[in-house]
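Peer 1: Sharing a structure here in structure tokens format.
The values are calculated or read from the model by the stated rules, or taken from the named source; none is laboratory data. Keep in mind that this is a model prediction, so the values were computed, not measured. Please note: Cβ atoms are built from the backbone with ideal geometry, for glycine as well, and neighbour counts cover all protein chains shown.
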Amino acid sequence: LEEVAKVAPSIARDIVYELRDQRNNLKLIASENYSSLSAQLAMGNLLTDKYAEGYPFHRFYAGCDNIDQVESYAVAQACRLFGAEHAYVQPHSGADANLVAFWAILSAKVKTPTLESWGVKDPNQLNNEDWNKLRHLLGNQRLLGMDYYAGGHLTHGYRHNVSAQMFEAFSYGVDPETGLLDYEALARQAAEVKPLILLAGYSAYPRAINFRRLRQIADDVGAVLMVDMAHFAGLVAGGVFTGDYNPVRHAHVVTTTTHKTLRGPRGGLVLCTKEFAEHVDKGCPLVIGGPLPHVMAAKAVALTEANADEFKAYAHRIVENARSLAEACLARGMKVATGGTDNHLLLIDVRPFGLTGRQAESAVRECGITLNRNSLPNDSNGPWYTSGLRVGTPAVTTLGMGPDEMKEIADCLYQILSHTKPETISEGAQAGQPSKARYQLDDQVKAEVRAR
Ligand code: PLP
């Protein structure tokens, strides 16, 4: 840090402030964790100076011998950890990993000769007219992914994301009564839509998914099954989701981030069957430029950590904690979507407290707890204000917390939410109505919770 401070003191200061923030507030953000010091040090070094376009032992740059070793070690660890036929560890993020997977599936299934038949002679020299043809070609393909508002991710065909430009995007939701995936309804929808890709995975769904069933649905309509396990990769790695619930056993292509339950550096990776390997390895130049060797080194460290027995125990404790937290919330009369959880997160409906998710998130943060607001299925408050809180246990489990602490957290949440009231709008057309953003939090409760 001293070296950083010599050049950019404010950055050194902000790093220290962030450390203070993460130590002084309880981290319940479902997509965050604490990576190990080994992973952080493998990332913060001179490896960042190297270009290595291509893939191991097949590079467009000279002098990549050491990066070849780093990357192939990370690939081997990923294959071992997940029992995958092939792994690609270059994506800089989960969004990149999904783009690589989309392009790989398109490349494998929408054959290049079609380009020639469309009059595109040299794919490396596409002019504007060619690009239009290509776009048209891609536009004919369909993607069926989980609805963003039901817990899916932006990159799964959300209308403002590039995935919805690349494909004709369709989405499936959850049963409005139970909040659960309805496999029969999905099978009917898939038969109607006939997508090129059936995409499963979520950012905010609290239940295990039967991937064997999804593969049947995909096979019945000739679709590729792609699973984005960004959120629950650590639970797959740690043997919580096995058999029908392990996506790597059933999907053609699986993507993930490396920084959520997997507890590694910020990044992504793609796993696939041999059929897609050659296409996935073309992530550069299809989607990305030079990989980040320092991050691949950190992924290698984190994947090695996840291959150890200790990580299995950690993964099981994440779920045990999430279940304890859900039960403790229910015991205090709080409303938990689907009535509980099978994974690392739960969704609390804050409408019974007369609050929006935005108000609840801010009030809770004032008391030293960091979590985020989230839409609930068919949320009448929209994606900005929302009606829910997404609560995750990966980070607090890393800190060594267990069921007793989960009860205490439930106590704190209940105490804060039941002592927070929406402010009344004083002016304009909505005067007299409760605000969706502003709130009043009892000062004594704030002091009490912070003291705990
Ligand atoms: N996929 C899912 C299911 C996610 O939840 C996320 C991030 O929250 C991503 C992809 C994107 O990951 P990143 O933020 O690394 O691009």
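Peer 1: Going through segment 376-404 one residue at a time, which ones are without any contact (Cβ under 8 Å) to a residue 12 or more places away in the chain and acidic (Asp, Glu)?
Peer 2: Selection gives Asp404 alone.
Peer 1: Additional query: Looking at this structure, is Ser72 at pLDDT 95 or above, more than 16 Å from the ligand (Cβ to nearest atom) and of a type in the set (Ser, Thr, Tyr)? Before you say what the answer is, go through the steps one by one.
Peer 2: Values: at pLDDT 95 or above: yes; more than 16 Å from the ligand (Cβ to nearest atom): yes; of a type in the set (Ser, Thr, Tyr): yes.
Here the answer is yes, as Ser72 does meet what is asked.
Peer 1: Something else about it: Condition check: in contact with a Pro (Cβ under 9 Å, 6 or more places away or on another chain) and under 19 Å from Val254 (Cα atoms). Does Ala200 satisfy that? Don't jump to the end; show me each part of the working.
Peer 2: On the way: in contact with a Pro (Cβ under 9 Å, 6 or more places away or on another chain): yes; under 19 Å from Val254 (Cα atoms): yes.
Yes; evaluated as a whole, the condition is true for this residue.
Peer 1: Residues in segment 266-287 that are of a type outside the set (Lys, Arg), surrounded by fewer than 24 Cβ atoms within 10 Å (Cβ to Cβ) and either within 16 Å of the ligand (Cβ to nearest atom) or in a loop (DSSP other than H, G, I, E, B) (or both): how many?
Peer 2: Going residue by residue through segment 266-287, those that are of a type outside the set (Lys, Arg) are 267-273, 275-281, 283-287.
Now restrict to residues that are surrounded by fewer than 24 Cβ atoms within 10 Å (Cβ to Cβ): 273, 275, 277-279, 281, 284-287.
This time we only want the ones that are either within 16 Å of the ligand (Cβ to nearest atom) or in a loop (DSSP other than H, G, I, E, B) (or both), so: 273, 281, 287.
Matching residues across segment 266-287 total 3.
Peer 1: Which residues, counting only those in segment 85-99, are surrounded by 19 or more Cβ atoms within 10 Å (Cβ to Cβ) and away from the ligand (no atom under 12 Å from the Cβ)?
Peer 2: His86, Ala87, Tyr88, Val89, Gln90
Peer 1: Is one or more of the residues making up segment 51-73 within 19 Å of Phe311 (Cβ to Cβ) and without any contact (Cβ under 8 Å) to a residue 12 or more places away in the chain?
Peer 2: First pass over segment 51-73, keeping only residues within 19 Å of Phe311 (Cβ to Cβ): 73.
Still in the running and without any contact (Cβ under 8 Å) to a residue 12 or more places away in the chain: none.
The answer is no; no qualifying residue exists.
Peer 1: Of the conditions (1) within 16 Å of the ligand (Cβ to nearest atom); (2) in a helix (DSSP H, G or I), Thr255 satisfies every one except a single condition; which number is it?
Peer 2: The number of the failed condition is (2).
Peer 1: Among the residues in segment 206-226, are any closer than 15 Å to Ala78 by Cα, surrounded by 24 or more Cβ atoms within 10 Å (Cβ to Cβ) and away from the ligand (no atom under 12 Å from the Cβ)?
Peer 2: Step one: filter segment 206-226 for residues closer than 15 Å to Ala78 by Cα, giving none.
No, because not a single residue in segment 206-226 is closer than 15 Å to Ala78 by Cα, surrounded by 24 or more Cβ atoms within 10 Å (Cβ to Cβ) and away from the ligand (no atom under 12 Å from the Cβ).
Peer 1: Which ones in segment 169-212 are over 17 Å from Val336 (Cα atoms), in contact (Cβ under 8 Å) with a residue 60 or more places away in the chain and part of a loop (DSSP other than H, G, I, E, B)? Walk me through it before giving the result.
Peer 2: From segment 169-212, those over 17 Å from Val336 (Cα atoms) are 169-173, 182-202, 209-212; that's our starting set.
After this cut, where a residue has to be in contact (Cβ under 8 Å) with a residue 60 or more places away in the chain as well, the list is 173, 196-197.
Of everything in segment 169-212, those that are over 17 Å from Val336 (Cα atoms), in contact (Cβ under 8 Å) with a residue 60 or more places away in the chain and part of a loop (DSSP other than H, G, I, E, B) turn out to be Gly173, Leu196.
Peer 1: Test Ile416 against the criterion of being more than 28 Å from Gly152 (Cα to Cα), in contact with a helix residue (DSSP H, G or I) (Cβ under 6 Å, 6 or more places away or on another chain) and of a type in the set (A, V, I, L, M), and give yes or no.
Peer 2: On the way: more than 28 Å from Gly152 (Cα to Cα): yes; in contact with a helix residue (DSSP H, G or I) (Cβ under 6 Å, 6 or more places away or on another chain): yes; of a type in the set (A, V, I, L, M): yes.
When the stated conditions are applied, Ile416 passes them.
Peer 1: If we keep just the residues of segment 146-180 that are buried (at least 23 other Cβ atoms within 10 Å of the Cβ) and more than 15 Å from the ligand (Cβ to nearest atom), which is nearest to the chain's Cα centre (by Cα)?
Peer 2: By that ranking, first place goes to Val174.
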